[in-house]
Structures are given as structure tokens and as C-alpha cells.
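The structure appears right after this line, and notes come after that.
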Amino acid sequence: MYCPFCGLPYTDRSATFCPHCGRGLLSERPAVPADAATLPANAPAYPPVEGAQAPIQDMYNPLYPPVYPPVYPPAFGTPLASGARSRAPSLRMLLGLTVIGALLIVAGGAYFARSYFAPQGISRGAPPIVTSSATPSPVATQAPVVAAAPTDTVAVSTAVDADCRSLSGFDSTPPASSVASDNGYAPPNTPTVPFPANAPGFLSKTFTDPSPTNPQVAYHFILLSACASATDMATVQGFYASEMINAGWSQTGNFPYAGDSARLCGDPYCWNWGPAGGATTRFAALEAVQQAGTAVTFQLRLGTEQTQ
């Protein structure tokens, strides 16, 4: 037997209420027709067969077809009880997540644009190249070099060299200008090599690099270590960017590192010089500028082209 309301089967024929949904059964059943209340006297009777299936009327009642509970797709779940809140994402939640994602994308794009398109600084924090106001003359018409005043009078600071004397290696060294002059880097051999006021220095290394392309040419170099007191790195770099030009040197983008005259300098602090009517034979480069307390240590690479 099946409940006409919930469609679920029940076996107790005398039940007045559905054991599943609780609805009344007798009051809802249609009255049995009078002519169907009893069987005819001549109706055949069949003995029950052991193990036979129950009569079909006990399984399905055509007057009351079974009513099955609704089936919902797994993605949507079952209907919620009264007052329960759905765990599925609401439209407000989806809208909020969309706005947050858009803001993150805009912020990331702005950061990338600022870091990618920001102007890049000059290599190694160097100040802009300072050149003299006068247009340099070609080498062929360059005027003879005129001896300048002693280089130690070119001042970066009026302070004494006490800051440098306290550093290892500079405690008892002579003036850097004297070291340069003793090694041939002074008029009339070359223009004056300028140094900050009271700058001590010493010769740290000498060596020769043969040209890799011309076996008859080599470059002889000295490495001169010097120190400037009561100053900073930018001031020393700016000092050489201007004073080397004023002393008669010409700025160059190439420097004969390892004997190769075509090697790039890599920063604005390379210079060369050649006598009037002659080829370029002298080279200078500012290197290893470092802050040491209130003093600045640096190195000048001074070179001469020689014929083997």
C-alpha cells in the first residue's frame, strides 16, 4: 500500500495514519463501491504460492500514484530549513571580491610602472659630467701646456688632513701631488694632476699592459692612492669632473684597460691628453672612491703609451 500524500509504501492495512508523513488515511480514501465490496461466489480462488510476489495491488494503487520527494541537483543541495542561512556565495560577496581583485591589479600595475619607467641614476651615483664652457680644440691645434700652480692649493676643504692621517696607510705619506710629479705626471710631461688640499698619497702599484692588437705598443700604469679630509664622495667626484678639464685634460669614453685602447671607461671619470701636434699618450682615471668616516679615499690610475 502507498500513502496518497507522500507516496511512500506502508504494509499495515489497518493503519489510519501514514507512518511516514502522518496524514490520515481512512478519511482520505474514496469509498469502496458497493458492488466491489465482496467477491462473486463463483470467483476462482488460487492457493498462495510459497515465495510468490505480493499482489500487485499491494505495491501500486492506480487511484493513488506514489508521490516521490523532489530530487535536487548535487550542486544546489537540499532546501534550507526555515531561518537557515545559505553557505553559497552571495551576490554581495562576489561583488566585494571582484572590487578587491581590481584594486590589487591597479596597485600592482602602478608599482610596476613606477619602478620600470623611473629615470635611472648615473652609474655608481656619479654627478653629471662637468665640462669647461670653452669648446675644446682638436688635438692637432692644441695649445702648449702651461705649468699650473702647485696642485695642493686646489681646495675641496679648508680642514687639515688629520682625518686622513688617522687612516691606515696615510699616517706618514707625502703629498699626493709630489708622488704624481715624481712619477712623471706633471708639466711638461703631462698637464697638472689636481688633488684636494692637503691630500696625502702613496704609490700602491706599477705595471705594464701590452696592447692585444699591436705588439709594438704597451701601456705603463701607476696606481696612486690618495685621501681627502673633511669631505664626501660626491664632492671629490665633482672636484675631478671639473678640475681635470680646467687643468688641460680631455674627457674620454674609452680607457686602455688591459692594454686595449677600445675598452669603455664605464663612468664619466676618464681623461686623456696628447701634446700639441702629437697623438694621445697620457691617460688618467678616478677609481675606488670610498667614504672613510669624515674622509674620502680614492685611487688615480695614471698611464702612458709606450712603444716597444
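To keep it simple, each residue is scored yes or no on (1) touching a strand residue (DSSP E or B) at 6+ places or on another chain (Cβ under 8 Å); (2) in contact (Cβ under 8 Å) with a residue 40 or more places away in the chain; (3) under 15 Å from R282 (Cα atoms); (4) assigned to a loop (DSSP other than H, G, I, E, B).
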{"site": "V193", "(1), (2), (3), (4)": "yes, yes, yes, yes"}
{"site": "P215", "(1), (2), (3), (4)": "no, yes, no, yes"}
{"site": "F221", "(1), (2), (3), (4)": "yes, yes, yes, no"}
{"site": "Q237", "(1), (2), (3), (4)": "yes, yes, no, no"}
{"site": "Y240", "(1), (2), (3), (4)": "yes, yes, no, no"}
Qualifying residue in segment 289-303 (condition: under 30 Å from L167 (Cα atoms) and assigned to a loop (DSSP other than H, G, I, E, B)): yes
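Could we say that Q291 is assigned by TED's automatic domain parsing to the domain that holds P191 and out of contact with any Leu (no Cβ under 9 Å at 6 or more places or on another chain) here? Spell out the reasoning first.
Details: assigned by TED's automatic domain parsing to the domain that holds P191: yes; out of contact with any Leu (no Cβ under 9 Å at 6 or more places or on another chain): yes.
Yes; evaluated as a whole, the condition is true for this residue.
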Residue match in segment 108-128 (condition: outside any loop (DSSP other than H, G, I, E, B), of a type outside the set (D, E), in the same structural domain as P275 (by TED's automatic domain parsing) and modelled with pLDDT of 80 or more): no
When residues of segment 234-247 are limited to those that are of a type in the set (A, V, I, L, M) and within 36 Å of the chain's Cα centre (by Cα), the one surrounded by the most Cβ atoms within 10 Å (Cβ to Cβ): V236
Candidate set: segment 248-271, residues that are in a loop (DSSP other than H, G, I, E, B) and of a type in the set (S, T, Y); chosen: the one farthest from the chain's Cα centre (by Cα): S261
Options T307, T297, T280; residue that is buried (at least 20 other Cβ atoms within 10 Å of the Cβ), of a type in the set (S, T, N, Q) and touching a residue at least 24 places away in the same chain (Cβ under 8 Å): T297
Segment 160-182 - residue that is of a type in the set (D, E, K, R) and out of contact with any Gly (no Cβ under 8 Å at 6 or more places or on another chain) and, of those, nearest to L224 (Cα to Cα): D182
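Suppose the filter is surrounded by fewer than 20 Cβ atoms within 10 Å (Cβ to Cβ), assigned by TED's automatic domain parsing to the domain that holds V179, within 23 Å of N183 (Cα to Cα) and not acidic (D, E); does S250 pass it? Reasoning before the result, please.
Working: surrounded by fewer than 20 Cβ atoms within 10 Å (Cβ to Cβ): yes; assigned by TED's automatic domain parsing to the domain that holds V179: yes; within 23 Å of N183 (Cα to Cα): yes; not acidic (D, E): yes.
Judged against the criteria, S250 is a match.
The values are calculated or read from the model by the stated rules, or taken from the named source; none is laboratory data. The model shown is predicted, which means the values in this text are computed figures rather than measured ones. Cβ: placed from backbone, ideal geometry, glycine included. Neighbour counts: every protein chain shown.
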